[in-house]
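**Q** Below you'll find the structure I mean.
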Amino acid sequence: MPPQTRRMAFPKVVIERETDSEQSSSEEDEADVEQEEEELLESEKEGKVEEALDEKKKGKSPITISLKKVCKVCKKPGHEAGFKGATYIDCPMKPCFLCKMPGHTTVACPHRVATEYGVVPAPHKSTRNALEYMFERQIRPRVPPIKPAYVIPDQVSCAVIRYHSRRVTSLEFHPTKNNILLSGDKKGQLGVWDFVKVHEKIVYGNVHSCILNNMKFKPASDDTVYAASSDGTISCTDLETGISVSLMNLNPDGWQGRNSWRMLYGMDINAEKGAVLVADNFGFLYLVDTRSNDPTGKPILIHKKGSKVVGLHCNPVQPDLLLSCGNDHFARIWDIRRIEAGSSIYDLAHSRVVNSAYFSPVSGSKILSTSQDNRLRIWDSIFGNMDSPSREIVHSHDFNRHLTAFKAEWDPRDSSESLAVIGRYISENYDGAALHPIDFIDVSTGQLVAEVMDPNITTISPVNKLHPRDDVLASGSSRSLFIWKPKEKCELVEQKDEGKIVICAGAEKKRNRKLGDGSDDSDDDKFRPKGKNLKSKKYALKSSQYTIKVKR
DNA sequence: ATCTGATGCGTCC
DNA sequence: TGGACGCCCTCAGA
C-alpha cells in the first residue's frame, strides 16, 4: 500500500485519528500508533506540535506527522474544501475562487456564472466629447440596432471519443468545405475529420513533434494549412496528401536546453502582404513570406523579453493592424507597416497572463480578451477608449496547468459583434453531475446567454470554435472532439443517447486485438454498452461503455 | 479503488 | 535576475 511505503521513508509517522470510529490503516502498528497518538494529542494540546517537528528535524527523534482532517487548501482544521457529491465546497479562508475577491466563496459570489444569479454590469465608459458625438451620429446608425436572435448549438450531434492521443489544443474549420474540422493536439498531430460522413477522419502524426498551438488556412488555397508549434517550426501541410513542409525552424541545432529552445505560439496570416506572422516564447515576432517561404527582416521584440507571446490576430478590416497578447500581462496593437520594438499603438493592461485577444469579426473595432485573472474584457475603439476596457466580465477560466488555455472567441456570424463562446473551468451541479459547460456570453451586456453541456461530457472543454457559416459549434475536450448543433437542427431522435453518432477512436486498439485486423470503425455489437448507465457521472464516455452508432 | 505525473506560472529569496 | 518551490474543481493510465 502506498501509504505504508511512504511511511517507510520517514523514521516514524503517526497517523492521527480524529474519531474513534475511524480505523487505523495498519493493524500491525496499532500499538505503536496509539502510543504515538497519545503523545501527539498531548503536545497538540499544549501547542507544541511544531516544536516537536522542529526538534525532530534537528535531531534523531522520529518525525511525527499529524493526518488530522484539515482543509486541503489552507491546511487548517474545522472545515474541508472539496467535492460534496457534485458540488464543490470552497475553502472559506481563501478569496473567492471565481472573482478572486476576499470575503465570500464561489457559491455566494455575485459574479457567479449561472443565469439565476444574474449579472452585475460593469460601468460603461463614455466620454462626452465632440468625437464621440460624431461617432454617435455617423457610425451608430450603421450598427445593427436589433441584435439577431442568437442560435445556440446546444446538443451534441456527433463526436469522436479519444480521437487524439493527447489533449486537443486547437481547432479550425475548413474555409470552404463545410463539414471538415481540423484539430491539433499536444503531441503535434493534425486531425482532419469530416463530421457529416463521421467516419472519414485521419490523424497526421508527422506534422510536429510537440504542441500544435495554432492553425490557419493558406488564403486562396483551400487544402493547405499552416501550423505553429512548440517544436519551433511552422508547418505547411497539404491536407489531401498529408505531406508537410517546414517554413521555419527556430531550433536548427536541436535541443540545447530549455533556455534556448524556442517555441511558436501565436500565428496569423496577412493575406495582403502574403505573410505568415508568428511569435515565440521569448517575446519575438517573425514575418515569413509565403511565396519564398523565407523570413522577412529580423525578429522584432513585441512583448517583454523572455515572455511568451500566445496570440496574434490581424484586424479583419485593416490587416496591417496587428493584435498580440502574452504572458507579460498585455495585449498590444501594432501597425505592421512600421513595427519595431516599443512601437505599439496601444498597450492593453491586464492583471495576469492574457490567453487570447481577438478583434471583432465584422468591423474589427472591438477587442475581446481572455485573461487568467478570470475576466473577459471588451475594448471598444469606437464607443469606448483604449485606456481601460469598456467592460469586464468575471468568468471562470483560470486553470493554467494540465489544460489547454481557455480562449473566448467571437461568433464569426454575429453582425452585432456581441456573442462570444468560452468553456468554463469551474463546475456546476447539474442533476447530480459535476459538469463544465460551454458558455455563450453577450459581451455587450455581460449576460450569460446560454450554458451548454451534456451529461456524458464530464471533462472540461477549453477549446471551442463556432462555424463560420453554419449553426455548428466544435469543441475539443481532453482528447475528444464534439460537434454541437441546435436541438431543432439535430435530425437525430431526441432524448435517446443512442441517437448520437459517436465513434470511439480509443476502442480501435482493443478491437484490433480482438478481431485481428486494422480496419476502421464499424458497427460492432461488442462495443455496445452492456447494461451500463450511460449517465454515470464519471467516465461516461469511456469508449467501452458508450454506444457506437454508425449511420442512421 | 487510489495514486501519480505531466505540467506553467506566480511568488519568494 | 534566476532558481526553487508550491499549487483548489485535470485527466488518464498504472
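**Q** Tell me, how many Å apart are the Cα centres for segment A:437-495 and for segment A:157-172?
**A** Value for the Cα centre distance between the two parts: 14 Å.
**Q** What does the charge add up to near A:Ser365, with Lys and Arg as +1, Asp and Glu as -1, over the other residues with Cβ less than 10 Å from its Cβ?
**A** Taking every Cβ under 10 Å from that of A:Ser365, the sum is -1.
**Q** Also: Quickly work out the A:Tyr430-to-A:Lys487 label distance, labels modelled 7 Å from Cα along the C-beta direction, and quote it in nm with one decimal.
**A** The modelled label-to-label distance comes out at 1.2 nm.
**Q** Assuming R0 = 56 Å, what is the FRET efficiency of A:Ser260 and A:Lys84, from their Cβ-Cβ distance, to the nearest 0.05?
**A** It comes to 0.70.
**Q** Here's another thing I want to ask about it. So how do A:Glu240, A:Glu428 rank on accessible area, 1.4 Å probe, biggest first, that is with the largest at the start?
**A** Ranked list, largest accessible area first: A:Glu240, A:Glu428.
**Q** Please work out the FRET efficiency for the pair A:Arg338 and A:Ala220, using the Cβ-Cβ distance as r and a Förster radius of 25 Å; give the result to the nearest 0.05.
**A** After rounding, the FRET efficiency stands at 0.40.
**Q** Given contacts defined as C-alpha pairs under 8 Å and at least six residues apart, what's the relative contact order of segment A:323-374, whole-number percent?
**A** The value is 34 percent.
**Q** In addition: Given a cut-off of 27 Å, name the pairs among A:Lys75/A:Lys187; A:Lys187/A:Lys366; A:Lys187/A:Lys273; A:Lys147/A:Lys186; A:Lys100/A:Lys407 whose C-alpha atoms lie farther apart than that in the structure shown.
**A** The answer is A:Lys75/A:Lys187; A:Lys187/A:Lys366; A:Lys187/A:Lys273; A:Lys147/A:Lys186.
**Q** Follow-up question, since we're still on this one. Simple spin-label model, 7 Å along Cα-to-Cβ: A:Asn178 to A:Asp238 in nm?
**A** That separation, rounded to one decimal, is 2.9 nm.
**Q** Note the full-extension length gain between A:Lys298 and A:Asn249 as 0.36 nm times their separation in residues minus their Cα-Cα distance, in nm to one decimal.
**A** 16.2 nm
**Q** Still on this model: Around A:Ser461, under 14 Å between beta carbons, what's the net of Lys plus Arg minus Asp minus Glu among the other residues?
**A** -1
**Q** I would also like to ask the following. Could you work out how far apart the two model spin labels at A:Phe399 and A:Met93 are, taking each label as a point 7 Å from the Cα in the direction of the beta carbon, and quote it in nm?
**A** A separation of 2.4 nm, rounded to one decimal place.
**Q** Would you kindly derive the ³J(HN,Hα) couplings of segment A:227-240 from the backbone phi angles with the Karplus curve 6.51 cos²θ - 1.76 cosθ + 1.60 (θ = phi - 60°), listing them in order in whole Hz, with x for Gly and Pro?
**A** 9, 10, 9, 5, 7, x, 10, 9, 9, 10, 10, 8, 6, 6
**Q** Hey, can you grab everything whose amide H is under 5 Å from the amide H of A:Asn214? Only 5+ residues off in sequence or another chain; H modelled, so Pro and N-termini drop out.
**A** The answer is A:Ala228.
**Q** Provide the gained length on full extension for the span A:Asp387 to A:Val70, in nm with one decimal, where the gain is 0.36 nm per separating residue minus the Cα-Cα distance.
**A** Between A:Asp387 and A:Val70, full extension yields 109.6 nm more.
**Q** Compute the accessible area per residue over segment A:441-494, keeping the other protein chains in place, probe 1.4 Å, unit Å².
**A** Result: 34 Å² per residue.
**Q** Here is a further query. With just the Cα atoms defining each centre, how far is segment A:190-249 from segment A:280-307? Give it in Å.
**A** 21
The values are calculated or read from the model by the stated rules, or taken from the named source; none is laboratory data. Quick caveat: nothing in here was measured; it's all calculated off a predicted structure. Counting neighbours? That spans all protein chains shown, and the Cβs are built from the backbone with ideal geometry, glycine included. Surface accessibility is based on the protein's heavy atoms, side chains included, excluding ligands, DNA and RNA. Shrake-Rupley method; radii C 1.70, N 1.55, O 1.52, S 1.80 Å.
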